[in-house]
1. Tell me, please, whether a residue that is outside any loop (DSSP other than H, G, I, E, B), touching a Phe, Trp or Tyr at 6+ places or on another chain (Cβ under 6 Å) and not polar (S, T, N, Q) can be found in segment 68-89.
2. Any residue that is loosely packed, with under 14 Cβ neighbours inside 10 Å, among the small types (Gly, Ala, Ser), at pLDDT below 90 and touching a helix residue (DSSP H, G or I) at 6+ places or on another chain (Cβ under 9 Å) - is there at least one of those in segment 165-183?
3. Would you mind finding the one in Leu115, Leu89 that is crowded, with 21+ Cβ neighbours inside 10 Å and in contact with a Ser or Thr (Cβ under 9 Å, 6 or more places away or on another chain)?
4. Might you check whether a residue that is without any contact (Cβ under 8 Å) to a residue 60 or more places away in the chain, on the phi < 0 side of the Ramachandran plot and more than 24 Å from the chain's Cα centre (by Cα) occurs anywhere in segment 15-32?
Amino acid sequence: MKFGKEFSLHLEKTLPEWREYYLSYKLLKKLLKNIPAAAAAPLLPLPELQVWFVAILCVELEKFNDFYVEKEEVFVIRFQALKERIEGLLDAEFTEEIMEIRRECVALHGEMVLLKSYSTLNFVGLVKILKKFDKRTGTWLGLPFIHFAFHQPFFSTELLTTLIGECEEILEILFPVVAEVVGDEQTGMVSSDASSLWLGEETIRIYNSTLGALSAIEGLRRESSTYNPLSMSNVFGSPDNGSTGGVTAENSPRHN
């Protein structure tokens, strides 16, 4: 399936309130179609054309960064508050509050996973659009701009990855039933009647929204048949090498 179709399908499945903050992929493709091919006379001299396109992409980057940073800050606050509530209930008997904490923990984990996929899918979209621009104009804008994007806040997911790992530890140690349901993200939708009773419809909606994104990312990270410095296997690594697709202390360009 072509990336544009996968991207559209993901937008349909993701949280509705997040959709406007994703890459304007369809609009960017339309803009590129209005640029004459390299063999024809361009509407603008190539340097001016590149400046024009970079300006458009920088607006997109600003949108990604603002959304990502705001969400990450909220998640940090929510997770800290959740840990404090859990510490105060370690020896408590089963109560409705414990049920509520379970729901909040699963929901928070799902939203954080979804934010990580937001980072990956938008970065992949940038790569795809830049490859189309270079092919259309016969230029080499892609590599320098992607190097620039590597250093943007929306693609530096080290803190978010840590939060997700800590949240999973809480789910596994304190709430084994929840951990079992969270494990279903690898196999199917969280939709059983038993799960619905204690998770709640809103929590299930959040978690189900992550599944399409996770599936799409795995497809994008498959080995490319030909070498290309902007191929997905070179950007994120192949699925077999243990890469999660996010930037960590080990694979961030800042540490290379």
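1. From segment 68-89, those outside any loop (DSSP other than H, G, I, E, B) are 68-87; that's our starting set.
Filter once more, so that each one left must be touching a Phe, Trp or Tyr at 6+ places or on another chain (Cβ under 6 Å): 68.
Filter again for not polar (S, T, N, Q), leaving 68.
Within segment 68-89, one or more residues are outside any loop (DSSP other than H, G, I, E, B), touching a Phe, Trp or Tyr at 6+ places or on another chain (Cβ under 6 Å) and not polar (S, T, N, Q).
2. no
3. On the way: Leu89 fails: crowded, with 21+ Cβ neighbours inside 10 Å.
From the options Leu115, Leu89, the qualifying one is Leu115.
4. Among the residues of segment 15-32, at least one is without any contact (Cβ under 8 Å) to a residue 60 or more places away in the chain, on the phi < 0 side of the Ramachandran plot and more than 24 Å from the chain's Cα centre (by Cα), which makes the answer yes.
The values are calculated or read from the model by the stated rules, or taken from the named source; none is laboratory data. This structure is a prediction, so every number in the text was calculated from the model and none was measured. Backbone-built Cβ (ideal geometry, glycine too); neighbour counts: all protein chains shown.
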